[in-house]
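Chemist: Got a structure for you, written out below as structure tokens; questions coming shortly.
The values are calculated or read from the model by the stated rules, or taken from the named source; none is laboratory data. Since the model is a prediction, treat every value here as computed from it, not as a measurement. Cβ atoms come from the backbone with ideal geometry, glycine included; neighbour counts cover every protein chain shown.
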Amino acid sequence: MTENKQRVQGKKVAQTIVRISGKDIDGSFKVEKALVQIKGINTGMAHALSYAMNKSFGITPDTEIGEMSEEQIKNMGSVIGDPVKYGIPTYMLNNRKYVESGKDVHLVGSELSIASRQYITRDISTRTWRGYRHQNHLKVRGQSERSTGRTGSTVGVTKKKESPKKTTAAAGKK
């Protein structure tokens, strides 16, 4: 769960790197800032999770994660794994009515990337409009396509360069 790298801080031994939900996090971070480092947890969810950890296990949001014990880090992982069990409302979860199980779950880390990839391949295979847009590397959610987000040049009306006028030859004949 944690790395062997440790630093001495006063009488306590603090860990420099802590592994939480498959992510190596600096041990000097406080609980909320450490949670934001995990893919799939934003600041609002991190605040709610730290509140649930404080309420359930007595882990205050001001503690550095390097100073936490193995048991506290394991408790932190259980709150991240099943936030509904610890009082987080379902509207804060990132994957409600999950396709595989039909339950409300919160996916983090590699699970989130795998699930999003599966959703895209399912859209492509069922030939939905979103799948068509994904397949052709176009914008999916109605954004402007004319100039933003394109690699290379902009698409649109281009003006022709004006050719130099032949004023000197016409003026010399008169």
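Chemist: Just give me the residues in the range 119-142 being modelled with pLDDT of 90 or more, surrounded by 11 or more Cβ atoms within 10 Å (Cβ to Cβ) and part of a loop (DSSP other than H, G, I, E, B), in sequence order.
Modeler: Selection gives Thr128 alone.
Chemist: For the range 30-52, enumerate the residues that are in contact (Cβ under 8 Å) with a residue 60 or more places away in the chain and assigned to a loop (DSSP other than H, G, I, E, B).
Modeler: Ile38, Lys39, Gly40, Ile41
Chemist: Could you list all residues from the range 56-98 that are surrounded by 12 or more Cβ atoms within 10 Å (Cβ to Cβ) and basic (Lys, Arg)?
Modeler: Selection gives Lys74, Arg96.
Chemist: What about Gly77, is it out of contact with any helix residue (DSSP H, G or I) (no Cβ under 9 Å at 6 or more places or on another chain) and in the same structural domain as Val18 (by TED's automatic domain parsing)?
Modeler: yes
Chemist: For Ser56, indicate whether it is closer than 27 Å to Asp104 by Cβ and not in a strand (DSSP E or B).
Modeler: Yes.
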